[in-house]
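Please treat every number below as a calculation from the coordinates, not as lab data. Keep in mind the model is a prediction, meaning the values are calculated, not measured. Glycine also receives a Cβ, built like all others from the backbone with ideal geometry; neighbour counts cover every protein chain displayed.
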Amino acid sequence: MTRYVKKVSDKAGLPPGTAVHIGERKPGRVRVRVLDYDRDQATEHEIHDIREVFRFRDTPSVSWISIDGLHDIRLIEQLGAHFGFHPLFLEDIVNTASRPKIEDFESYVFIVFKMLSEDCYDGRKIVSEHVSLIFSERYVISFQEREGDMFDSIRQRIISAAGSLRKKGADYLAYRLMDAVVDNYFALIESIGEQVDDTEDLLLNRPEKDTIHVIHRLKSENLFLHKFIFPLRDILSYLERGESDLVKHETGVYFRDVYDHTIQIMDNIETLRDVLSGMMDIYLSSMSNRMNEVMKVLTVFASLFIPLTFLVGVYGMNFDYMPELHWRWAYPVLWIVMVGMGVCLLVFFRKKKWL
């Protein structure tokens with residue numbers, strides 16, 4: 001249950017805006033990096049004192065400040081105090097149970113969403129990572145739970161001046177970060193779709209006892225995706241409509257493309273949900289039909305032996321005056337009658353297509 005509903009009771013009774021880390025505490029120190037770039041150059045800095053980041057707030061170039069690790073509350077509070085972030089936003093940054101959301105201030109935009117990945121070493125389980133973005137006109141600050149992710153390719157493209165990243169502003173960088181996350185959603189949907197196809201083939205050909213557990217797991221994974229991707233649609237809808245002054249008109253077109261991808265992903269999730277619900281019904285019907293076949297065979301055997309049991313019961317009574325007991329051919333005649341009754345019942349069952 002903790003995978004779907006995280007424990008947030010540690011915040012009970014605290015004043016609003018109190019930053020409390022909710023979630024799994026990652027080992028090691030928080031890593032802070034700054035990638036400062038413009039059209040002509042790009043420099044990457046490894047930060048050991050958070051105060052070294054402060055000078056990048058007002059630089060004419062674009063600065064990407066990436067923070068890997070959310071458990072150092074003091075570091076995040078220092079950063080928020082210098083940049084002027086609202087305390088409630090700092091609370092959402094360190095609370096990994098926060099729902100995806102967007103808040104637009106005049107000087108910056110705050111976004112919370114989830115990065116989803118498949119853990120093949122733990123039964124192909126989908127795990128989520130809490131990600132927060134704050135972008136202004138000249139900087140983007142990203143907060144993540146762990147180090148090493150799908151943002152590394154974007155960092156390399158900036159350093160190598162590949163593409164148009166160095167020619168555009170901070171809003172375009174925020175788009176690229178969100179686009180990378182949404183593109184990974186497609187990979188997860190495809191993986192679940194392949195598992196659904198394999199399970200469907202197994203269900204139609206040779207359903208097993210464990211099949212119901214596989215179907216239940218896939219339904220849970222699909223629900224897990226829906227829980228975190230559905231709110232992202234509203235976030236991207238807000239950005240692509242150009243309601244924020246920090247999103248340029250030409251960047252809004254790119255956000256519209258990501259929004260379309262999110263709609264497509266949601267359609268796939270709805271389709272998989274319907275397919276999995278149908279598979280559950282097919283499994284239950286298959287098990288019911290198998291049980292009916294077993295009960296039909298048992299009923300046929302019981303019906304065959306009911307009259308035979310009656311005859312045996314009658315002639316098994318210990319009465320002295322039973323004339324058939326002293327007949328010479330009573331025993332073989334009784335066998336002929338019982339076998340004949342059994343054959344007649346079998347012919348009757350076949351004629352009625354009960355057997």
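On full extension, the segment bounded by Leu223 and Ala161 gains 18.4 nm, given 0.36 nm per residue less the C-alpha separation. Counting other Cβ atoms within 10 Å as a rough exposure proxy, the listed residues Met295, Met150, Met279 run Met295, Met150, Met279 from fewest neighbours to most. Among the listed options [x] 119, 43, 32; [y] 100, 43, 31; [z] 92, 40, 39, the one matching Cα extents along the principal axes in Å as calculated from these coordinates is [x]. Using R0 = 30 Å, the C-beta based FRET efficiency linking Ala81 and Asp245 works out to 0.80. Taking other Cβ atoms within 10 Å as a rough exposure proxy, Thr96, Thr309 sort from fewest to most as Thr309, Thr96.
Note that segment 263-271 has calculated 3J(HN,Hα) couplings of 4, 4, 5, 5, 4, 5, 5, 5, 5 Hz, one per residue in order, obtained from phi through the Karplus relation 6.51 cos²θ - 1.76 cosθ + 1.60 (θ = phi - 60°); glycine and proline are x. The slack between Asp198 and Thr309, meaning 0.36 nm per residue of separation minus the straight C-alpha distance, is 35.0 nm. Listed from fewest to most Cβ neighbours within 10 Å, the set Ser66, Ser303, Ser153 follows the order Ser153, Ser303, Ser66.
Specify the longest stretch of the chain that does not include any exposed loop site, a site being one of the trypsin sites (Lys or Arg not before Pro) with a non-H, G, I, E, B DSSP assignment and at most 12 other Cβ atoms within 10 Å. Working shown, then result.
On the way: sites that count: Arg3, Lys7, Arg25, Arg29, Arg39, Lys209, Arg328, Lys352, Lys353.
Within the chain, the longest run free of exposed trypsin sites (Lys or Arg not before Pro) spans 40-208.
Extending 7 Å from Cα along the Cβ direction at Met150 and again at Val347 yields two label points whose distance is 7.1 nm. With a Förster radius of 51 Å applied to the beta-carbon distance between Gln264 and Ile336, the computed FRET efficiency rounds to 0.10. Treating r as the C-beta distance of Asp183 and Val300 and R0 as 45 Å, the FRET efficiency rounds to 0.15.
Multiply the residue separation of Glu190 and Ala97 by 0.36 nm, subtract the distance between their alpha-carbon atoms, and state the gained length in nm to one decimal. Before the final figure, lay out the partial values.
On the way: separation 93, 0.36 × 93 = 33.48 nm, distance 2.59 nm.
So the extension gain works out to 30.9 nm.
Which entries in the list Lys209/Lys352; Lys219/Lys296; Lys125/Lys227; Lys101/Lys167; Lys167/Lys248; Lys101/Lys248 go over 24 Å, if you measure between the two C-alpha atoms of each? Violating the 24 Å limit, Cα to Cα: Lys209/Lys352; Lys219/Lys296; Lys101/Lys167.
Relative contact order of the chain: what whole-number percent is it, with Cα pairs under 8 angstrom and at least 6 residues apart? Walk me through the intermediate numbers first.
Numbers: 430 pairs, mean separation 45.8, N = 355.
Worked out over the chain, it gives 13 percent.
Binning all Cα-Cα separations of segment 120-224 at 5 Å, short to long from zero, yields these whole-percent fractions: 2, 9, 17, 18, 13, 10, 9, 8, 6, 4, 3, 1.
Binning the alpha carbon pair distances of segment 292-351 at 5 angstrom intervals from zero yields the distribution 4, 16, 21, 21, 14, 10, 7, 4, 2, 0, expressed in whole percent. The distance between label points at Met287 and Glu208 comes to 1.6 nm (points 7 Å beyond Cα on the Cα→Cβ vector).
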